[in-house]
Amino acid sequence: MNKALFLDRDGIINIDHGYVYQAEKFEFNQGIFAVCRHAQELGYQLIVITNQAGIARGMYSEQDFLALTEWMTAQFIKEKVIITDVFFCPHHPTKGQGIYKIACNCRKPEPGMINSAAAKHNICLQQSIFIGDKGSDMQAAKNAGIENRIYLHGKYSDDESVTAHRITNICSAINHIR
């Protein structure tokens, strides 16, 4: 079985400016490439797990998201980092529009995206790691059985209900990836 470093996107890979869907507004977090290279060197597959409520709210389309994702993964390749896959949830249970207004099992804190990635890529979740910046990220990882959780805290409230390594900058994640 494989092991994975699961990464939330907004707030972890890029600075969370709110509903980012254009390359010119996508700003990589300082240190994210080094963290990912380190994990890759240790044999982790890199998988992005991201809620994209902006799709549900009608702020941008799935095609906009996919175009940005293609651009983002190309930037990682330039940095000698391979993103194995990207899973996204376009739904929102209360603020979604049309087909996107549903309660689903893929929107974090539900573990659906993580479980789908594990099945698709033959991943052992007990050997995997999740890095996120919200309680819902940590809860999704816990719900999926990922014990090594890294919580970049500071922007969002942290009720400390989920056990995690708490860090204040993304570069510190390297200390918890073995």
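The values are calculated or read from the model by the stated rules, or taken from the named source; none is laboratory data. Model, not experiment: these values are computed from the prediction. Methodologically, a virtual Cβ is constructed for each residue, glycine included, from the backbone with ideal geometry; neighbour enumeration extends over all protein chains shown.
Before moving on, here are some points about what is shown:
- Test for residue 164: is it within 26 Å of residue 34 (Cα to Cα), among the aliphatic types (A, V, I, L, M) and touching a residue at least 60 places away in the same chain (Cβ under 8 Å): no
- Residue check, residue 77 aliphatic (A, V, I, L, M), modelled with pLDDT of 95 or more and in contact with a Phe, Trp or Tyr (Cβ under 8 Å, 6 or more places away or on another chain): no
- Residue selected from the range 20-42 under the condition part of a helix (DSSP H, G or I) and β-branched (Val, Ile, Thr), by the criterion farthest from residue 59 (Cα to Cα): 35
- Residue within the range 145-159 that is among the hydroxyl-bearing types (Ser, Thr, Tyr) and surrounded by 14 or more Cβ atoms within 10 Å (Cβ to Cβ) present: yes
- Filtered residues of the range 70-104 (kept if within 23 Å of residue 138 (Cα to Cα), in contact with a strand residue (DSSP E or B) (Cβ under 9 Å, 6 or more places away or on another chain) and without any contact (Cβ under 8 Å) to a residue 24 or more places away in the chain): 104
- Taking the range 52-136 and the helices (runs of 4 or more DSSP H) fully enclosed by it, the elements with 1 or more residues that are exposed (fewer than 13 other Cβ atoms within 10 Å of the Cβ) are at 62-78, 112-121.
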